[in-house]
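Take a look at the structure set out below.
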Amino acid sequence: MVDARERPIGVFDSGFGGLTVMRSLVDLMPNESFVYIGDTGRYPYGNKPADEVRGYAIELAESLVRDHDAKLIVVACNTAASVALDALSKSLTVPVVGVIEPGARALARVTHNGKVGVIGTVGTILSRAYDLAVESTGADVVLTSAACPGFVEFVERDQTDGDEVTLLARRLLSPVKDAGVDALLLGCTHYPFLAPVIQRVMGDGVVLVSSANETAFAVRELLESQRLAAAQDAVAERRFFSSGDVDWFATLGRRLLGPELGEVSAWHSGAAS
């Protein structure tokens, strides 16, 4: 029997965005092993029906547990977390951590004027998952939400700056800018890659909040409370899979994550290879 503490943490996202969460996880817990699946063959999730995204999320999470013996699942995708977290928590035999609640807590904590915003995919915003998560913090804040279709596609094309994306950002961010928010949650794990553009459009007086660090802290706390944390001297292994173009995932992924992203293997529906 493999010691439960030695088993990897499973992470999945619709594509590259979850690598922002992986960066925080690896930095905070360098002794933990990870398996990451980027579902680039079926991205983007944000404009797909909730039932379809829920099915993808369950399939990916079950693969991480079945094929890689993951001890914990991190849903590093806001769209998937917004529609599938409850279903995953009920169906899986391992703990599940999403990115929504940690991000909402961070957003409520940093505001000074009580006016906060969240941007995300169409699916995430329509789910109202962030409205409920912010409300559950008990903070006295007013939340303005805005969907940003097109942002994910820019990141997946490695187009994270320039006139085209700036023009789109000015148009899509106008509701939260007009609302006078002083804190804006990047409610999609792809969006931190667009942070320079978003910051320029919103202005220096607005704090951009990413859920990545808060999610990593939540994962560490859960591992420690359930005695699943790897030993400090454990040798960490990191494996990466993509359901789409493996070479493209490896090339762009290394630019986004860094040298920790080694060899990438193909992931197929039903099994990993």
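The values are calculated or read from the model by the stated rules, or taken from the named source; none is laboratory data. Computed from a predicted structure; not experimentally measured. Note: ideal-geometry Cβ built from the backbone for every residue, glycine included; neighbour counts use all protein chains shown.
Could you check, for segment 102-117, whether at least one of its residues is β-branched (V, I, T), at pLDDT 95 or above, surrounded by 19 or more Cβ atoms within 10 Å (Cβ to Cβ) and outside the structural domain of F16 (by TED's automatic domain parsing)?
Yes - at least one qualifying residue is present in segment 102-117.
Would you check if there is a residue in segment 99-113 being of a type in the set (D, E), free of Cβ contacts under 8 Å to residues at least 60 places away in the same chain and within 28 Å of R227 (Cβ to Cβ)?
Within segment 99-113, none of the residues are of a type in the set (D, E), free of Cβ contacts under 8 Å to residues at least 60 places away in the same chain and within 28 Å of R227 (Cβ to Cβ).
I need a count of the residues in segment 238-249 that are under 18 Å from the mean Cα position of the chain (by Cα) and assigned to a helix (DSSP H, G or I).
Taking segment 238-249 first, the residues under 18 Å from the mean Cα position of the chain (by Cα) are 238-243, 249.
Now drop any that are not assigned to a helix (DSSP H, G or I), which leaves 249.
So the answer is 1.
Only one residue in V152, V134 is closer than 24 Å to D245 by Cβ, among the β-branched types (V, I, T) and surrounded by 15 or more Cβ atoms within 10 Å (Cβ to Cβ), so which one is that? Give the steps one after another, and end with the answer.
Details: V134 fails: closer than 24 Å to D245 by Cβ.
None of the others qualify; the one that does is V152.
Somewhere in segment 80-97, is a residue in a strand (DSSP E or B), surrounded by 16 or more Cβ atoms within 10 Å (Cβ to Cβ), at pLDDT 95 or above and touching a Gly at 6+ places or on another chain (Cβ under 7 Å)? Even if it seems obvious, please write down each step before you answer.
Of segment 80-97, the ones in a strand (DSSP E or B) are 96-97.
Among the residues that remain, those that are also surrounded by 16 or more Cβ atoms within 10 Å (Cβ to Cβ) are: 96-97.
Okay, now just the ones that are also at pLDDT 95 or above, so 96-97.
The next check asks that each one be touching a Gly at 6+ places or on another chain (Cβ under 7 Å); those that pass are none.
No, that holds for no residue.
Tell me, yes or no, whether segment 200-209 has at least one residue that is in a helix (DSSP H, G or I) and loosely packed, with under 15 Cβ neighbours inside 10 Å. Spell out the reasoning first.
So in segment 200-209, the residues in a helix (DSSP H, G or I) come out as 200-202.
Then drop every residue that is not loosely packed, with under 15 Cβ neighbours inside 10 Å, which leaves 200.
Among the residues of segment 200-209, at least one is in a helix (DSSP H, G or I) and loosely packed, with under 15 Cβ neighbours inside 10 Å, which makes the answer yes.
From the list L228, L252, L261, pick out the single residue that is part of a helix (DSSP H, G or I), touching a residue at least 40 places away in the same chain (Cβ under 8 Å) and not assigned by TED's automatic domain parsing to the domain that holds H112. I'd like the intermediate steps shown before the answer.
On the way: L228 fails: part of a helix (DSSP H, G or I); L261 fails: part of a helix (DSSP H, G or I).
Unique residue meeting the criteria: L252.
Condition check ((1) within 18 Å of the chain's Cα centre (by Cα); (2) farther than 30 Å from E32 by Cβ) across all residues:
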site	(1), (2)
D204	no, yes
V207	no, no
S211	yes, no
A216	yes, no
Q232	no, no
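Got a sec? Which of L173, L185 is surrounded by 19 or more Cβ atoms within 10 Å (Cβ to Cβ), under 20 Å from T20 (Cβ atoms) and without any contact (Cβ under 8 Å) to a residue 60 or more places away in the chain?
L173
Which ones in segment 98-125 are assigned to a loop (DSSP other than H, G, I, E, B) and of a type in the set (S, T, N, Q)?
Selection gives T111, N113, T121.
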